[in-house]
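The values are calculated or read from the model by the stated rules, or taken from the named source; none is laboratory data. Remember, predicted model here, so these are calculated numbers, not experimental data. Positions of Cβ are generated from backbone atoms using ideal geometry, with glycine treated the same way; all protein chains shown enter the neighbour counts.
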Amino acid sequence: MLSVVSRPSSRQRLCSGLRRRDALHIGSLGLAGLSLPQLLKAEQSRPASPGHKSIIMIYLCGGPPHQDMYDIKTDAPREMRGEFEAIDTAVAGIRIGELLPGIARNMDKVAIIRSLTDARNAHDSGQCMTGHRDPKQAAGGWPHFGSVVSHYQGPVHPGTPPFVSLCYDTKHRPYIEPGPGFLGSRHAAFAPKGPGRGDLILQGITAERLLERRRLLAAFDRFRRSADASGTMTGMDTFTDQAMGILTSPELFNALDISQESPATLRRYGTGDENRPRGDAAPACPQNFLAARRLIEAGARVVTVNYGFWDWHGNCFGLGRQEMPAFDQGLSALIEDLHERGLDQDVTVVVWGEFGRTPRINDKAGRDHWPSVCAALLAGGGMKTGQVIGATDRIGAEAADRPVSFQEVFATIYHNLGIRLDSDRLFDFRGVPRRVIDDSVQPIAELVG
């Protein structure tokens with residue numbers, strides 16, 4: 001396996017105590033001098049395989065206020081009404097919040113679910129990333145959906161991992177994505193926004209020496225395999241293969257370098273300071289929406305992004321005016337970009353948080369936690385867009401029509417990706433057979449039927 005010298009953290013540790021990302025720290029091979037672009041001069045670039053199905057999931061940490069974004073309640077009592085007006089959209093009869101003019105302009109390209117009803121009352125990314133209210137219910141943990149995609153479909157080509165996370169580590173640890181669960185460490189995300197950022201620099205080695213070093217590492221590993229009952233070595237093989245693929249092909253490196261885009265495109269998406277997290281959550285960096293698009297074009301099947309801090313117990317409307325315009329700009333740029341580049345049939349976009357907010361505005365001009373109902377925005381994936389699915393009551397407190405579950409959204413995601421979840425039996429760490437989606441759950445018919 002690849003040796004590491006960096007300090008492990010608590011996130012996604014392997015049985016050996018190493019983090020999964022540390023296993024890809026090529027810099028820790030102890031070599032010096034040659035950058036990845038220099039190494040890649042010796043190899044011709046490969047285009048990404050066209051037409052692969054993929055997903056970009058944007059997780060809004062903290063629970064965004066559905067009543068102030070996608071479900072404005074103009075007839076609600078004053079203590080629930082909120083300060084924002086509803087505006088018309090590109091689809092007649094559909095109105096959304098005034099701070100989302102870009103989404104309104106692109107309403108024909110998106111679908112809004114207003115009636116998600118089974119949210120867990122916890123600041124935790126688990127349900128948004130696995131589809132399960134209790135991600136730890138299965139022995140070893142329910143796997144992240146990106147890990148499920150990695151398991152069923154694998155990489156498009158060796159130079160780009162199938163699952164790339166652009167999520168930042170957060171002060172509130174439950175906001176951090178769950179791991180691969182019982183699918184095992186080989187299907188964990190490649191996370192260049194974390195310590196793995198240095199993985200893309202090779203420190204002083206020719207292509208020939210790189211091959212020799214891999215052979216040497218393989219020789220050192222052989223004696224461990226007879227004693228390895230945990231499967232860790234198998235995971236290390238996967239990490240080594242990924243590292244070698246990254247180092248001998250330019251797709252991932254180039255995809256992460258958004259400076260290759262035109263100044264007009266960079267302005268179109270907008271930027272944020274990734275060194276300034278919002279609250280105890282993530283920075284608000286719409287440029288990661290652009291990086292996600294580039295990664296999909298480079299061959300990634302799943303890209304996840306965490307964005308900002310939406311736990312607005314106070315000053316909800318002031319924070320909305322501060323935060324929503326940049327979010328709207330970046331998200332609408334992504335949706336338009338996917339259509340302009342002919343990717344709208346192949347790339348599914350999902351945007352949501354872990355729950356909604358209270359109908360009643362509190363004495364701090366904020367909204368508190370409300371798991372009874374929340375909203376999601378979906379785009380692309382060849383879905384039937386230009387519609388709203390479900391409805392809430394007069395004050396946005398309960399689903400009044402067409403309740404939708406988180407698992408239905410995931411069933412739709414897997415459908416769009418062409419994954420048949422019944423094609424392979426999965427077992428948790430206790431040997432119990434598991435289905436990542438309940439057999440009774442079907443894709444959302446309004447979107448894919």
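What the table below lists for this structure:
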quantity	calculated
For I113: the one exception among (1) within 25 Å of T385 (Cβ to Cβ); (2) touching a helix residue (DSSP H, G or I) at 6+ places or on another chain (Cβ under 8 Å); (3) not in a strand (DSSP E or B)	(3)
Answer residue from region 402-431, given it is exposed (fewer than 12 other Cβ atoms within 10 Å of the Cβ) and not polar (S, T, N, Q) and is nearest to the chain's Cα centre (by Cα) among those	G418
Residues of region 434-449 satisfying the condition of being surrounded by 15 or more Cβ atoms within 10 Å (Cβ to Cβ), under 17 Å from Q127 (Cα atoms) and in contact with a strand residue (DSSP E or B) (Cβ under 9 Å, 6 or more places away or on another chain)	R434, V436
Filter result (surrounded by 21 or more Cβ atoms within 10 Å (Cβ to Cβ) and either part of a helix (DSSP H, G or I) or of a type in the set (D, E) (or both)) within region 324-369	M324, F327, D328, G330, L331, S332, A333, L334, I335, L338, D344, E354
Residue match in region 391-401 (condition: over 22 Å from the mean Cα position of the chain (by Cα), among the charged types (D, E, K, R), surrounded by fewer than 24 Cβ atoms within 10 Å (Cβ to Cβ) and within 20 Å of T412 (Cβ to Cβ))	yes
Residue in region 113-139 that is farthest from the chain's Cα centre (by Cα), counting only those that are more than 30 Å from I72 (Cβ to Cβ), modelled with pLDDT of 95 or more and crowded, with 18+ Cβ neighbours inside 10 Å	A138
Qualifying residue in region 242-265 (condition: modelled with pLDDT of 80 or more, under 23 Å from the mean Cα position of the chain (by Cα) and assigned to a loop (DSSP other than H, G, I, E, B))	yes
Residue check for H313: surrounded by fewer than 22 Cβ atoms within 10 Å (Cβ to Cβ), assigned to a helix (DSSP H, G or I) and touching a Lys or Arg at 6+ places or on another chain (Cβ under 7 Å)	no
Some residue of region 85-95 being farther than 23 Å from P283 by Cα, hydroxyl-bearing (S, T, Y) and either touching a residue at least 60 places away in the same chain (Cβ under 8 Å) or surrounded by 17 or more Cβ atoms within 10 Å (Cβ to Cβ) (or both)	yes
Failed item in (1) out of contact with any Leu (no Cβ under 6 Å at 6 or more places or on another chain); (2) in a loop (DSSP other than H, G, I, E, B); (3) at pLDDT below 95, with R186 passing the rest	(2)
Number of the condition not met by S423 [criteria: (1) at pLDDT 95 or above; (2) farther than 14 Å from I112 by Cα; (3) among the hydroxyl-bearing types (S, T, Y)]	(1)
Residue within region 78-101 that is among the small types (G, A, S), within 24 Å of V409 (Cα to Cα) and assigned to a helix (DSSP H, G or I) present	no
Flag if S372 is surrounded by fewer than 22 Cβ atoms within 10 Å (Cβ to Cβ) and part of a loop (DSSP other than H, G, I, E, B)	yes
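Conditions (1) among the hydrophobic types (A, V, I, L, M, F, W, C); (2) within 19 Å of the chain's Cα centre (by Cα); (3) closer than 23 Å to F163 by Cβ, marked per residue:
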site	(1), (2), (3)
R341	no, no, yes
D344	no, yes, yes
I361	yes, no, no
A365	yes, no, no
